[in-house]
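Peer 1: Dumping the structure here so I can ask a few things about it.
The values are calculated or read from the model by the stated rules, or taken from the named source; none is laboratory data. Everything numeric in this text was worked out from a predicted model, so none of it was measured. Because the Cβ atoms are built from the backbone with ideal geometry, glycine has one as well, and the counts that use them run over all protein chains shown. Please note that ligands, DNA and RNA were not included when accessible areas were found on the heavy atoms of the full protein model with its side chains. Shrake-Rupley method; radii C 1.70, N 1.55, O 1.52, S 1.80 Å.
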Amino acid sequence: AFNEVNRYTDPGLTSAMKEKGYAKSGTTDWAPDSPEAGIGAAWGNFIFYKTDKYSLIDSGSFALSDTPEVFHSFISYMDTQSKTNKEGRPRMCNWVYLESAATGDRFILASTHVQWAKTDEYNYNEIGLTVLAEQLNLLKDKYNCEVICAGDMNTSDVTIITEAGFNSLNPWIPTFPGRAIDHIFCTSGVTPNDSPVGEYDYSDHIP
């Protein structure tokens, strides 16, 4: 699960991953015809999966807004100042429904980057997390499968997600200077073998 892949990074990343046997799925936070897309700020939340290990059964996206079915939509009551700040930009969650070639098991993997903008009246981070939890549970019910979701949640308090039935694999380990804001969530039927945090310095976050 990759976050904030801009239009300059995307071609090289996609090509390099393809050479290693990965296919890509997902879209950007900004709409492709948005002026922001033209200046390299069309941040992508992409999923890469190995085609020899997994088959794509279905895929989709939803917005972290009060109209999740409307791609690239702002929270409708977001204030103008937050909208014009890049951190208040529209946010998307992209997902794939995969089947394991080895076992035939099917599951959903999602990638997202939740907004952190907030005002005295609204905490847009909490609103985005609430929509994320609701929509992931709808997918879980629709496909009757386990769900894994990874990305930058922009908060160390992920109670909204855990109370919705998801386990957090990184509740405490900092992935951003002094803060544990990058998380992997999974439903109760998923038992992880390991959940390490890396030490790379190519980004302001560590994977």
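Peer 1: In a Gaussian network model over the chain where Cα atoms closer than 10 Å are linked, find which of Ser65, Ser195, Ser168 has the largest mean-square fluctuation.
Peer 2: Checking each option, the largest mean-square fluctuation is seen for Ser195.
Peer 1: Over region 89-174, what is the mean sequence separation of C-alpha contacts under 8 Å (at least six apart), divided by residue count, expressed as relative contact order in percent?
Peer 2: Relative contact order comes out at 29 percent.
Peer 1: Are there GluC sites (Glu not before Pro) in region 1-99 that DSSP puts in a loop and that have at most 15 other Cβ atoms within 10 Å, and which ones?
Peer 2: When the GluC sites (Glu not before Pro) of region 1-99 are filtered for loop state and at most 15 Cβ neighbours within 10 Å, Glu69 remain.
Peer 1: Let me ask something else. What is the extension gain from Asp201 to Thr159, computed as 0.36 nm multiplied by their sequence separation minus the C-alpha to C-alpha distance, in nm to one decimal?
Peer 2: Details: separation 42, 0.36 × 42 = 15.12 nm, distance 2.88 nm.
So the extension gain works out to 12.2 nm.
Peer 1: Rounded to the nearest percent, how much of the accessible area of the chain (1.4 Å probe, protein heavy atoms only) is carbon and sulfur?
Peer 2: Summing carbon and sulfur atoms, their accessible area is 51 percent of the total for the chain.
Peer 1: Report the far tail of the P(r) of region 56-153, meaning the percent of Cα-Cα pairs longer than 23 Å.
Peer 2: Value for region 56-153: 29 percent of Cα pairs lie more than 23 Å apart.
Peer 1: Something else about it: Over the chain, what is the relative contact order in percent, taking alpha-carbon pairs closer than 8 angstrom and at least six residues apart?
Peer 2: Taking the mean separation of contacting Cα pairs over the length of the chain, I get 15 percent.
Peer 1: I've got another one for you. Could you give log10 I(q)/I(0) at q = 0.10, 0.12, 0.15, 0.24 Å⁻¹ for region 1-95, computed by the Debye formula over C-alpha point scatterers of equal weight, without solvent?
Peer 2: Computed log10 I(q)/I(0) values: -0.29, -0.41, -0.62, -1.24.
Peer 1: Next question, about the same structure. At R0 = 41 Å, how high is the FRET efficiency between Thr130 and Ser15 if r is their beta carbon distance? Nearest 0.05 is fine.
Peer 2: 0.65
Peer 1: Where the Cα atoms of the chain are projected onto their three principal axes, how long is each span, largest first, in whole Å?
Peer 2: Result, largest extent first: 50, 38, 35 Å.
Peer 1: State in Å² the accessible area per residue of the chain; use a 1.4 Å probe, count heavy atoms of protein chains only, and round to the nearest integer.
Peer 2: I get 53 Å² per residue for the chain.
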